[in-house]
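Notes follow the structure.
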Amino acid sequence: MLMQIRVNVIEDEGKSFVAELVGADRSLAELIKEKLSENKDVEFSSVEKDHPETGDPRLVVKSTKNARGLVLKAIESLEDELKELEEEIPKK
């Protein structure tokens, strides 16, 4: 089943980006955060949630460059990695 996720941008101020991933679980936000941590231009990235069992995760990013662009780059990189993984699974 495909998750329906909506991105609610809370802050987009150049070097700072905060977005709530409405309908996503924490694991998706954590994947993006981990990919961001590999980028030397990212000073800080975290996933916040008001309560562990309720609410939607928020991705918080502080960077030396355009934070929104770095988030998009991280997502593209994850897409590429997942595509490679998909190709490794034998076809029936």
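Taken together, the values in this text are just the output of simple stated rules run on the coordinates, not laboratory data. Fair warning: this is a prediction, and the values are worked out from it, not measured in the lab.
One table, with the values for the structure above:
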| quantity | calculated |
| --- | --- |
| Percent of Cα-Cα distances greater than 15 Å, calculated over segment 21-67 | 41 percent |
| For the chain: rounded, prolate or oblate by the Cα gyration tensor [a/c cutoff 1.5] | oblate |
| Selected from 40, 62, 73 as most flexible by GNM, with the chain as the system and alpha-carbon contacts under 10 Å | 40 |
| Cα gyration tensor, segment 1-46 - rounded (a/c under 1.5), prolate or oblate | oblate |
| Whole-Hz couplings from phi, Karplus 6.51/-1.76/1.60, listed for segment 17-29; x for Gly and Pro | 9, 9, 9, 8, 9, 6, x, 9, 8, 5, 4, 5, 4 |
| Contact order normalised by residue count of segment 6-88, Cα under 8 Å, 6+ apart, percent | 32 percent |
| Helix-only CD estimate at 222 nm, as mean residue ellipticity for the chain, using -39500 (n - 2.57) per DSSP H run (n ≥ 4) | -12500 deg cm²/dmol |
| Stretchable slack from residue 78 to residue 40, in nm (0.36 nm times residue separation minus alpha-carbon distance) | 12.0 nm |
| Residue pairs, from the table 49/73; 33/92; 49/91, whose Cα atoms sit over 31 Å apart | 33/92; 49/91 |
